[in-house]
Every structure is written in structure tokens, then in C-alpha cells.
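Have a look at the structure below, then the notes.
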Amino acid sequence: MNVTELLAGLQTQHDETIARAGELRDQIQHLTAALAEAEARLADLATTAKVIAELAPAGGDPDQPETNTAYQAIVNAFNQHPDQVFRARELHELLGMPTDEASVNITRSRLGRLTRQGFLTQPGRGCYQKRT
């Protein structure tokens, strides 16, 4: 191999490397723009979460376990008395829950949901029993 061929080979490698470097710069620009968009989206999401947390009523999360506890108390009562038919007010008396009309209506709603889910049956109007 002579010097001319060696220099031509080096020039070819140089040109290929310049082209590859240009491709890599383009990829870096594209990735930098995509990263900037993703970081902006993250900042927007963090701001949204902060605003929602500030606007949410205080104590909103603790109500959920209380509701689950009420459902669990109702289910436990039916499990302890599987053959007994209950009315909502009778359940309240059995469980020591308030017997005001609003509280009993909430329990009626819960009993309806348990009926739709297949845990309870309704042998009569306003009467509920554990499904056997």
C-alpha cells in the first residue's frame, strides 16, 4: 500500500466520523428537547397535585376507612346471624349505631349495594338476609 492509498483511507474514515458525529449531535438535540418536555410535564403534574391537595376538603381520606369499617360491621353482623332477617334500623340497634333517619338511610344504601354484589338477599321489602 502506498502513501496515497493510506491518505485516501484516512480521509474516508475522517468523513465517516464527521457524518456520525453530526448524527449524534442531532440525536442529542432531539433527546434534549424531549427531556425538556418531560420535565415541564412533571412540573405541571406536581403543580396540579399540589393545587388539588390544597383544595381537597380536610379529612377527606379518613372517611374512607370509617366507611369500610361500617361495611365490615354490617357484614360481620350477617356472618354472625346467617339465618336471621334484618331491617336497617334493627342492624343499627344491634350494632349500637345511631338510629336517626339519615344514618339508617345510609345503611339502607349500603345494604342495597351488598345485595347487588350478591352477598345479601332481600326476602321481603326492606328486609335483608345473608345469601346462603
(request) Subtract the Cα-Cα distance of Gln27 and Ala102 from 0.36 nm times their separation in residues, and report this length gain in nm to one decimal. (result) 20.6 nm
(request) Give the accessible area for His30 in Å² (nearest 10); use a 1.4 Å probe, count only protein heavy atoms, and leave out ligands, DNA and RNA. (result) 130 Å²
(message) Below 11 angstrom from the Cβ of Arg108, what's the summed charge of the other residues (Lys, Arg +1; Asp, Glu -1)?
(response) +3
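Send over a whole-number figure in Å² for the accessible area per residue of the chain, probe 1.4 Å. It would help to have the intermediate numbers written out before the result.
Details: 9900 Å² over 132 residues.
Per residue, the chain has an accessible area of 75 Å².
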(message) If I model a spin label as a point 7 Å beyond the Cα along the Cα-Cβ vector, how far apart are those points for Gln122 and Val3 in nm?
(response) 10.3 nm
(message) Between Gly22, Gly112, Gly96, where does the largest GNM mean-square fluctuation fall for the chain, given springs only between Cα atoms within less than 10 Å?
(response) Gly22
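Using a probe of 1.4 angstrom, how much of the accessible area of the chain is carbon and sulfur, in percent? Please report the intermediate quantities before stating the final value.
Numbers: 5550 of 9900 Å².
Answer for the chain: carbon and sulfur cover 56 percent of the accessible area.
Less than 14 Å Cβ to Cβ from Gly118, Lys/Arg counted +1 and Asp/Glu -1: what total charge do the surrounding residues give? All intermediate terms of the calculation are to be shown ahead of the outcome.
Numbers: positive: Arg113, Arg116, Lys130, Arg131; negative: none.
With Lys, Arg at +1 and Asp, Glu at -1, the net is +4.
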(message) Let me cross-check Leu111: its accessible surface, 1.4 Å probe, with only protein heavy atoms counted, in Å² to the nearest 10?
(response) 0 Å²
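Just from its helices, what would the mean residue ellipticity at 222 nm be for the chain, if runs of 4 or more DSSP H residues each count -39500 (n - 2.57) and the sum is divided by every residue, rounded to the nearest 500 deg cm²/dmol? Please list the in-between numbers first.
Values: 4 runs with 95 residues, N = 132.
The per-residue figure over the chain is -25500 deg cm²/dmol.
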(request) Express in Å², to the nearest 10, the accessible area of Asp44 obtained by rolling a 1.4 Å probe over the protein heavy atoms while all chains stay in place. (result) 90 Å²
(message) Just to be sure I understand, if you calculate Cα extents along the principal axes in Å for this structure, which of [x] 56, 28, 27; [y] 105, 38, 21; [z] 47, 32, 28 do you get?
(response) [y]
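The values are calculated or read from the model by the stated rules, or taken from the named source; none is laboratory data. What you are looking at is a predicted structure, and each value in this text was computed from that prediction instead of being measured. Cβ: placed from backbone, ideal geometry, glycine included. Neighbour counts: every protein chain shown. Heads up: the accessible areas ignore ligands, DNA and RNA and are worked out on the full protein's heavy atoms, side chains in. Shrake-Rupley method; radii C 1.70, N 1.55, O 1.52, S 1.80 Å.
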